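Reviewing the structure listed below.
The values are calculated or read from the model by the stated rules, or taken from the named source; none is laboratory data. Just so it is clear, the structure is predicted and the values come from calculations on it, not from any experiment. No Cβ is skipped: glycine too gets one built from the backbone with ideal geometry, and neighbour counts run over all protein chains shown.
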Amino acid sequence: MIKKNDILAIIPVRKGSKRLPGKNTKLFAGEPLFVITLKEALNSKYIDHIVVSTDCPITKKICKIQYPNIEVIDRPEELATDKALSLDVIKHVLSIKDHKTIVLLQATSPLRDAEQIDIAIENFMMHDNGSLVSGYFHNGKFKFNGAIYINDRDVLQSCKINCYNDSFLRYPMSKETSIDIDTKKDFKKAEMIYNDDR
């Protein structure tokens, strides 16, 4: 049974991006890119609370005007560089929030939907591994795709760099829906697939 008030989704939205400037707020199918992920988190059956961790004034403004019930946490400058670890961003949020299960949803994975998030949460709750990661299989190997990370709070607190060893659960997605936007080419390809599916 999945308990209420236990599951927190964190959506990191950084202002800077070297290869595709402003990508997290760039319009994707008519919406700022990060909003695509935010809407899917809102449509989840299991996520109880959503936090947007950001240093981006545009993101803060969009959330304040369009999604006033979404909690926005200011990301410290030292956690807003391209060298900052996602784990440290999560731990910053956990210093403020006390939920037991943490779902990290990157804004750069817009092809992951609420149904996939919920199936991943169900799989996570059925086992006692402490960590689940989404990805796809290529040449027999499982590659992380950045779309869904789920961890117990205690696991995250004890990690130094990452929380993934041979025991983590794998949530497979198709290679097509596993696009993690980093370049203009990625953006256009993901947007085309997204529009074709709707």
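Within segment 18-38, track down each residue that is closer than 23 Å to Val103 by Cα and either acidic (Asp, Glu) or free of Cβ contacts under 8 Å to residues at least 24 places away in the same chain (or both). Result: Glu31, single match. In segment 69-83, what residues are loosely packed, with under 10 Cβ neighbours inside 10 Å and either within 15 Å of Pro57 (Cα to Cα) or free of Cβ contacts under 8 Å to residues at least 60 places away in the same chain (or both)? Hits for segment 69-83 are Asn69, Glu77, Lys83. Entry remark, segment 72-115: residues being in contact with a Cys (Cβ under 8 Å, 6 or more places away or on another chain) and outside any strand (DSSP E or B) number 1 in total.
So is Val51 modelled with pLDDT of 95 or more, surrounded by 15 or more Cβ atoms within 10 Å (Cβ to Cβ) and not in a helix (DSSP H, G or I) or not? When the stated conditions are applied, Val51 passes them.
Applying the criterion of being modelled with pLDDT under 95 and closer than 14 Å to Ala84 by Cβ to the residues of segment 2-18, the residue that is surrounded by the most Cβ atoms within 10 Å (Cβ to Cβ) is Arg14. I want to confirm something. Restricting to segment 108-134 and keeping residues that are charged (D, E, K, R) and touching a residue at least 60 places away in the same chain (Cβ under 8 Å), which single residue is surrounded by the most Cβ atoms within 10 Å (Cβ to Cβ)? Among them, the one singled out is Arg112. Being crowded, with 22+ Cβ neighbours inside 10 Å, among the hydrophobic types (A, V, I, L, M, F, W, C) and either within 20 Å of Asn162 (Cβ to Cβ) or in contact (Cβ under 8 Å) with a residue 40 or more places away in the chain (or both): is that true of Leu105 here? Judged against the criteria, Leu105 is a match. Confirm whether Phe137 is under 30 Å from Asp197 (Cβ atoms), of a type outside the set (Gly, Ala, Ser), surrounded by fewer than 21 Cβ atoms within 10 Å (Cβ to Cβ) and under 13 Å from the mean Cα position of the chain (by Cα). The answer is no for Phe137. Listed by first and then second residue, the pairs linking a residue in segment 86-101 that is farther than 10 Å from Arg153 by Cα and crowded, with 17+ Cβ neighbours inside 10 Å to a residue that is modelled with pLDDT of 95 or more and not aliphatic (A, V, I, L, M), with Cβ atoms under 6 Å apart and 6 or more places separating them unless they lie on different chains, are Val89/Pro12; Val89/Ser53; Val93/Ser53.
The number of residues in segment 130-165 being within 25 Å of Ala114 (Cβ to Cβ) and not basic (Lys, Arg) comes to 22. Among residues of segment 135-150 being in contact (Cβ under 8 Å) with a residue 40 or more places away in the chain and not β-branched (Val, Ile, Thr), the one that is farthest from Ala190 (Cα to Cα) is Tyr149.
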